[in-house]
Amino acid sequence: MKNPGLALVTNILINAGKLFYGIVDVIGIFLRHVKYISDLIYNTIIRVPLLVKNVNLTTHQMYIIGVESLPLVAVTSVFVGGEAVIQANFQFAGMVPLRYLGYAVSKSLVTELCPVLTAFVVSSRISTAIAAEIGSMKTSEQLDAMTCLSLDSFRYLIMPKFVACVLMLPVLVIFSELIAFIGSIITAMFFIDVSLYVYLTGLKLFFSLPDMIIGILKTTVFGAIIAITGAHFGFQSRKGAQGVGEATTRAVMFSAVLILFFDFMIAFFVLKAKF
Amino acid sequence: MEESFLKIEHLKKHFGSNQVLIDVNIDINKGEIVSIIGQSGHGKSVILKNIMGLMLPDGGRIIFEGEVISSPTKRSEEYEQVRKRFGMLFQGAALFDSMTVGENIAFPLRERTSMSEEEINKTIVDVLAMVGLHGIEEVMPAELSGGMRSRVGLARAIAMKPEVMLYDEPTSALDPIMSDKINDLITDLRNKLNMTSIIVTHDIASAYKVSDKIAMLHDGKIIFHGTPGEIRASRNPYIQQFIRGQRKMYYAVEDEKTYEEQVDLDKIRAQTPWAPKRSKFDG
Ligand SMILES: Nc1ncnc2c1ncn2[C@@H]1O[C@H](COP(=O)(O)OP(=O)(O)OP(=O)(O)O)[C@@H](O)[C@H]1O
Ligand SMILES: [Mg+2]
């Protein structure tokens, strides 16, 4: 090149252009996914009334999502309860009297730990299962076959799972909180120097029902996230075993991120409303 | 000229840089059985998926009873009404693998027709018998052989009594006896219900047997469209190679012999004394 200055400038311009296109590309992909997901949510929700015609599909999903997740949720919850007590005790040591232990533990269990961890555990089971099922049905052309037979895949595949997730997550969280309390009581009694009476009075001290209700109700949102991410990445999966594998990974990854994001938003707005 | 029942006009379809269909034109009359033949990977299944509205074409259009049902600008939702009149057998059967064979057939009947449970059960037994299967209603698709699966897929499609049936390689996974049975079924459906059929196949013997017309797809274009007799008489070397190569594989031994006789040069010379004598340069 005769003019090194010019060469440099063109080089910079070219790379800036590439960067610009790269960014535009990413934004485009992001917007496309947003569009797909909103279409998916819309299409699923408008079909919820059709539920009554095939109740058994939904109850079957409720069994799979609710009852079959229970053991996993129970085991997680016992440990979460116990661990909350140990952590609180460790933090309190020498600074806060132990009669506040029950209060701190119950607050964190009810508002955050149980809802979020239950949602994570269920998501690891269900959003992957949904993504794998839809993805492999796409691979083996079963989705096309449904279309050909004028069978609506949103109605028969997605909507029952969506409804089941939305209904069963709150139920699971109630179980989870119960079991976590039991776990926390056992830990408090046997591993920490605090009597059951003191612990329970602390627990009752500032117990607020609204907190508990918000904690339970927000899991409906998590349930919707689990079902929708599973379905979305299932529909978007590439054909073949590898594509289905990627779809399941993405489903569980995105549902975890979205659960945390929405948890943050809910906490933010609820706290803002309160004070 | 009378408007044809189903008309594919200048159909184009590409995937990325892969130009699969370039210019496909086929006219199909009501009650006709048309076979589409062509090499593997040349886009036969893609044609069927375009007709079914599972893919949107990049160019051209598909006209059914004078109405455009598929074109690049047509939205897939508008397709629902016509789709009810079409049926399709998928290459891999595409059975719903979370349901038993019986439920696979019952599912669309239950959801889309007003049949009673009894009628549905009777239909299941009937359509399975039509494709030569008995007593497998409670079996899961994963436990079936490839040929059985494809026949269950066929049973599921014809249970809905479509007006137009698209078959993607109905006989390629079947033994010759079963193939014959399915071929008879296809002609039967035409004779009894006046069902129009489009069959994608590699099985030239079956294509000769059942089709009124054969269309040959090559390099994204229909290079031949005519009756089985016409395709046999075609002088296009590619077509000849395609159907002869297949003949050797599929035709019964007697036919094979007559074919060898036809090309036996010495015999032809003996029958045509006016032809030039065999020279010493001939192989
Ligand atoms: N969904 C798709 N995405 C990308 N490419 C595709 C898709 N479907 C088909 N193709 C490509 O289109 C071409 C034709 O495929 P098609 O399945 O129609 O072949 P075919 O003629 O049915 O072959 P066979 O006889 O083996 O079934 C292939 O090259 C294939 O790679
Ligand atoms: Mg094919």
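Using alpha-carbon pairs under 8 Å, 6+ residues apart, how would you state the relative contact order of the stretch B:9-80 in percent?
Details: 92 pairs, mean separation 20.6, N = 72.
The normalised contact order for the stretch B:9-80 reaches 29 percent.
Solvent-accessible area of residue B:178, probe 1.4 Å, all protein chains present, reported in Å² to the nearest ten, please.
Rounded to the nearest 10, that gives 30 Å².
With the crude spin-label approximation of a point 7 Å out along Cα→Cβ, what separation in nm comes out for residue B:10 versus residue A:239?
2.8
Could you work out the mean projected area of the convex hull around the alpha carbons of the stretch A:84-195, in square nanometres to one decimal?
Over all viewing directions, the stretch A:84-195 projects a mean Cα-hull area of 8.6 nm².
For a quick check: with amide H placed at 1.01 Å from N, whose amide H comes under 5 Å from residue B:32's, ignoring anything fewer than 5 positions away on the same chain?
Long-range HN contacts for residue B:32: B:197.
Starting at the first residue of the stretch B:44-54, write each ³J(HN,Hα) from the Karplus equation 6.51 cos²θ - 1.76 cosθ + 1.60 with θ = phi - 60°, in whole Hz, x for Gly and Pro.
For the stretch B:44-54, the Karplus-derived couplings read 5, 5, 5, 4, 4, 5, 5, 5, 6, x, 7 Hz, x marking Gly and Pro.
At a temperature of 25 °C and a viscosity of 0.890 mPa s, determine how fast the stretch A:49-274 diffuses translationally according to Stokes-Einstein, using the Kirkwood radius over alpha-carbon pairs as Rh; express D in µm²/s, rounded to the nearest whole number. Don't jump to the answer; show the numbers that get you there.
Values: Rh = 18.8 Å.
For the chosen part, D equals 130 µm²/s.
Mind listing the long-range amide H neighbours of residue B:70? Cut-off is under 5 Å, sequence gap 5 or more, other chains count too, H placed in the peptide plane at 1.01 Å from N.
Those qualifying (amide H under 5 Å, at least 5 residues apart or on another chain) are B:62.
Which pairs in the list A:161/B:44; A:18/B:44; B:74/B:122; A:161/B:12; A:204/A:272; A:18/B:221 are over 30 Å apart, alpha-carbon to alpha-carbon?
A:161/B:44; A:18/B:44; B:74/B:122; A:161/B:12; A:18/B:221
Looking at the P(r) of the stretch A:1-62, how many percent of alpha-carbon pairs lie beyond 20 Å?
On the way: 1165 of 1891 pairs.
It works out to 62 percent of all Cα pairs.
Pairs of alpha-carbon atoms within less than 8 angstrom and 6+ residues apart define the contacts here; what relative contact order does the stretch B:100-158 have, in percent? Spell out each step's value before the answer.
Details: 44 pairs, mean separation 27.8, N = 59.
Dividing the mean separation by the residue count of the stretch B:100-158 yields 47 percent.
Rounded to a whole number of µm²/s, how large is the Stokes-Einstein D of the stretch A:194-240 at 25 °C and 0.890 mPa s, given Rh as the Kirkwood radius over C-alpha pairs? Mind showing how you got there, number by number?
Values: Rh = 14.1 Å.
Diffusion coefficient, whole number: 174 µm²/s.
Using R₀ = 41 Å, calculate the FRET efficiency as 1/(1 + (r/R₀)^6) where r is the Cβ-Cβ separation of residue A:190 and residue A:264; round to 0.05. The partial results should precede the final answer.
Working: r = 35 Å, r/R0 = 0.85.
Here the calculated transfer efficiency is 0.70.
Taking each residue in A:133-144, count the Cβ atoms of any other chain within 10 Å of its Cβ, then average. What number comes out? Walk me through the intermediate numbers first.
Values: counts 2, 0, 0, 1, 4, 0, 1, 8, 11, 9, 2, 7.
Mean shielding by partner chains, rounded to a whole number: 4.
Hey, can you list the DSSP H helices of chain A whose Cα span along the axis is 30 Å or longer and whose average Kyte-Doolittle score is at least 1.6?
Details: long enough: A:4-45 (61 Å, 1.01); A:70-92 (32 Å, 1.26); A:114-139 (36 Å, 0.97); A:159-191 (46 Å, 2.08); A:209-236 (41 Å, 1.25); A:241-274 (49 Å, 1.26).
The qualifying helices are A:159-191.
What number does the protein assembly as shown give for Rg over Rh if you use C-alpha atoms and the Kirkwood radius?
Numbers: Rg = 32.6 Å, Rh = 28.5 Å.
With Rh from the inverse mean 1/r over Cα pairs, Rg/Rh is 1.14.
When only Cα pairs under 8 Å and 6 or more residues apart are kept, what is the percent relative contact order across the stretch A:49-274?
35
Report the full-extension gain for the segment residue A:3 to residue A:54: residue separation times 0.36 nm, less the Cα-Cα distance, to one decimal in nm.
Going from the current span to full extension adds 10.9 nm.
Per residue of B:182-192, how many C-beta atoms from partner chains lie within 10 Å of its own C-beta, taken as a mean? Each step should come with its number before you reach the end.
Details: counts 0, 0, 0, 0, 0, 0, 0, 0, 0, 0, 0.
Per residue, the average neighbour count from other chains is 0.
In terms of solvent-accessible area of protein heavy atoms at a 1.4 angstrom probe, what is the ranking of B:227, A:58, highest value first?
Details: B:227 50, A:58 5 Å².
These residues rank, largest area first, as B:227, A:58.
With both partners inside the protein assembly as shown, how many of the DSSP beta bridges are antiparallel, as a percent to the nearest 5? All intermediate terms of the calculation are to be shown ahead of the outcome.
Working: 20 of 39 bridges.
Among the beta bridges of the protein assembly as shown, antiparallel pairing accounts for roughly 50 percent.
Tabulate in residue order the Karplus-calculated ³J(HN,Hα) for the stretch B:142-151, using 6.51 cos²θ - 1.76 cosθ + 1.60 with θ = phi - 60°, rounded to whole Hz; enter x for Gly and Pro.
4, 8, 8, 6, x, x, 5, 4, 4, 6
Hey, got the average number of other protein chain Cβ atoms within 10 angstrom for residues in B:90-97? Walk me through the numbers before you get to the answer.
Working: counts 6, 1, 5, 4, 10, 4, 8, 5.
Averaged over the peptide's residues, the number is 5.
Can you bin every Cα-Cα distance in the stretch A:216-268 into 5 Å intervals starting at zero and give me the percent of pairs per bin, rounded to whole numbers?
With a bin width of 5 Å, the distribution comes to 5, 22, 26, 19, 13, 9, 5, 2, 0.
Full-extension gain between residue B:188 and residue B:78, please, as 0.36 nm times their residue separation minus the C-alpha to C-alpha distance. Mind showing how you got there, number by number?
Working: separation 110, 0.36 × 110 = 39.60 nm, distance 3.17 nm.
Roughly 36.4 nm would be gained on extension.
Per residue, how many Å² of accessible area does the protein assembly as shown show with a 1.4 Å probe?
On the way: 28780 Å² over 558 residues.
Per-residue value: 52 Å².
Is the shape of the stretch B:1-42 best called rounded, prolate or oblate, per the rule: a/c under 1.5 gives rounded, else a/b larger than b/c gives prolate, else oblate, with a ≥ b ≥ c the square roots of the Cα gyration tensor eigenvalues?
Cα axes put the stretch B:1-42 in the oblate bin.
May I ask you to order A:248-257, A:94-103 by the average number of other C-beta atoms within 10 Å around their residues, highest value first?
Details: A:248-257: 20.2, A:94-103: 15.2.
Averaged packing, sorted descending, gives the order A:248-257, A:94-103.
Based on the mean of other Cβ atoms within 10 Å per residue, sort peptides A:216-228, A:71-83, B:55-67 so the most packed one is first.
Numbers: A:216-228: 24.2, A:71-83: 19.2, B:55-67: 17.1.
Order by mean packing, descending: A:216-228, A:71-83, B:55-67.
Considering the convex hull of the alpha carbon atoms of the stretch B:100-158, report its projected area averaged over all viewing directions, in nm², one decimal.
Details: hull surface 14.2 nm².
The directionally averaged projection comes out at 3.5 nm².
Rounded to the nearest 0.05, what FRET efficiency do residue A:33 and residue B:235 give with R0 = 60 Å and r taken as the Cβ-Cβ distance? Could you check? Let's see the in-between values first.
On the way: r = 55 Å, r/R0 = 0.91.
So the FRET efficiency works out to roughly 0.65.
The values are calculated or read from the model by the stated rules, or taken from the named source; none is laboratory data. Keep in mind that this is a model prediction, so the values were computed, not measured. Please note: Cβ atoms are built from the backbone with ideal geometry, for glycine as well, and neighbour counts cover all protein chains shown. What goes into the accessible areas is simple: the full protein's heavy atoms, side chains included, and nothing from ligands, DNA or RNA. Shrake-Rupley method; radii C 1.70, N 1.55, O 1.52, S 1.80 Å.
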